[in-house]
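These notes are about the structure you will find just below.
The values are calculated or read from the model by the stated rules, or taken from the named source; none is laboratory data. A quick note: this is a predicted structure, and the numbers were derived from the prediction, not measured. Using ideal geometry, Cβ is built from the backbone for each residue, glycine included, and neighbour counts are taken over all protein chains shown.
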Amino acid sequence: MRRLLTLAALLAPMPAFAHGAGDHVHGFAAGFLHPVGGLDHVLAMVAVGLWAGLLGGRALWALPAGFLGAMALGFGLGAADVALPMVEAGILASVIILGALVAASARFSLMLAVPLVAVFGLLHGHAHGTELAGAGAFPYAAGFLIATAALHALGVFGAQAITSRIAVRVAGGAMAALMLVVAGLG
């Protein structure tokens, strides 16, 4: 429970959304800070790790890898100005859906779970790619991919370190509920 409260305290002061019109960045530091600068990104990425930790086995690496791979693709699309529909809504939905899956301790096969997290990774990556301005695409991408992997690892560690699966499930439900409130749906 202490770890869950610590995680909640660390996330509490962050703004709800890390990107908006006109935010243009570049470089490793900007890339690394982008995912941790928005509650929507942090919660989605930690939720991927929590769900992977609940599923165990190959999901421990497959879910984060699917998210990261699709995130890199989405980044390329966004940086190339290839539009995707409803990116912001999809990012918001990613937290709600992933949080609900953690809350339900959903036992999907990897054939379903990996593509699902990959779609969300694509959207998150696209948001990062549209933020890029000028040179420095590789350092920026490296930064946000490393930060994302760390957030996934935090979720996996949390799911395995918290002795009560119910506490992990409550954390997932809280993530989904928080994003419903942010979206004005709760």
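Which ones in region 15-30 are at pLDDT below 90 and part of a helix (DSSP H, G or I)? First the steps, then the outcome.
Within region 15-30, the first condition is being at pLDDT below 90, and the residues that meet it are 15-27, 30.
Once the filter is applied, which keeps residues that are at pLDDT below 90 and part of a helix (DSSP H, G or I), region 15-30 yields only Ala30.
Against the definition (within 17 Å of Ala30 (Cβ to Cβ) and in contact with a Phe, Trp or Tyr (Cβ under 8 Å, 6 or more places away or on another chain)), how does Ala127 come out, yes or no? Even if it seems obvious, please write down each step before you answer.
Numbers: within 17 Å of Ala30 (Cβ to Cβ): yes; in contact with a Phe, Trp or Tyr (Cβ under 8 Å, 6 or more places away or on another chain): no.
The answer is no for Ala127.
Check whether at least one residue in region 122-143 is part of a helix (DSSP H, G or I), within 19 Å of Phe32 (Cα to Cα) and among the β-branched types (Val, Ile, Thr), and report yes or no. Reasoning before the result, please.
Taking region 122-143 first, the residues part of a helix (DSSP H, G or I) are 122-131, 137-143.
Add one more test, that the residue is within 19 Å of Phe32 (Cα to Cα), and what stays is 122-131, 137-143.
From the residues that got through so far, the ones that are among the β-branched types (Val, Ile, Thr) too are 130.
There is at least one residue in region 122-143 that is part of a helix (DSSP H, G or I), within 19 Å of Phe32 (Cα to Cα) and among the β-branched types (Val, Ile, Thr).
In the list Ile166, Ile146, which residue meets the criterion of being farther than 20 Å from Ala65 by Cβ and among the β-branched types (Val, Ile, Thr)?
Values: Ile146 fails: farther than 20 Å from Ala65 by Cβ.
One residue alone meets the criteria, Ile166.
Given the structure, is Gly69 at pLDDT 95 or above, closer than 19 Å to His126 by Cβ and surrounded by fewer than 19 Cβ atoms within 10 Å (Cβ to Cβ)? Give the steps one after another, and end with the answer.
Working: at pLDDT 95 or above: yes; closer than 19 Å to His126 by Cβ: yes; surrounded by fewer than 19 Cβ atoms within 10 Å (Cβ to Cβ): yes.
When the stated conditions are applied, Gly69 passes them.
Mind checking whether some residue in region 94-107 is among the polar types (S, T, N, Q), outside any helix (DSSP H, G or I) and either more than 15 Å from Gly121 (Cβ to Cβ) or at pLDDT below 95 (or both)? Before the answer, list the steps.
Going through region 94-107, the residues among the polar types (S, T, N, Q) turn out to be 94, 105.
Narrowing further to those that are outside any helix (DSSP H, G or I): 105.
Okay, now just the ones that are also either more than 15 Å from Gly121 (Cβ to Cβ) or at pLDDT below 95 (or both), so 105.
Yes; the residues of region 94-107 include at least one that is among the polar types (S, T, N, Q), outside any helix (DSSP H, G or I) and either more than 15 Å from Gly121 (Cβ to Cβ) or at pLDDT below 95 (or both).
Just one of Leu116, Leu112 is in a helix (DSSP H, G or I), without any contact (Cβ under 8 Å) to a residue 40 or more places away in the chain and either surrounded by fewer than 16 Cβ atoms within 10 Å (Cβ to Cβ) or among the hydroxyl-bearing types (Ser, Thr, Tyr) (or both); which is it?
Values: Leu116 fails: either surrounded by fewer than 16 Cβ atoms within 10 Å (Cβ to Cβ) or among the hydroxyl-bearing types (Ser, Thr, Tyr) (or both).
Matching residue, one of Leu116, Leu112: Leu112.
Quick check on my filter: what residues within region 27-53 are surrounded by fewer than 24 Cβ atoms within 10 Å (Cβ to Cβ) and either aromatic (Phe, Trp, Tyr) or under 14 Å from Leu110 (Cβ atoms) (or both)?
Result: Phe28, Phe32.
Need the failing condition index for Tyr140 against (1) free of Cβ contacts under 8 Å to residues at least 12 places away in the same chain; (2) crowded, with 17+ Cβ neighbours inside 10 Å, just the number.
Only one criterion is unmet by Tyr140, namely (1).
Tally up the residues in region 108-135 that are among the hydroxyl-bearing types (Ser, Thr, Tyr) and either more than 25 Å from Gly57 (Cα to Cα) or modelled with pLDDT under 95 (or both), please.
Going residue by residue through region 108-135, those that are among the hydroxyl-bearing types (Ser, Thr, Tyr) are 109, 130.
Subset that is either more than 25 Å from Gly57 (Cα to Cα) or modelled with pLDDT under 95 (or both): 130.
Count: 1.
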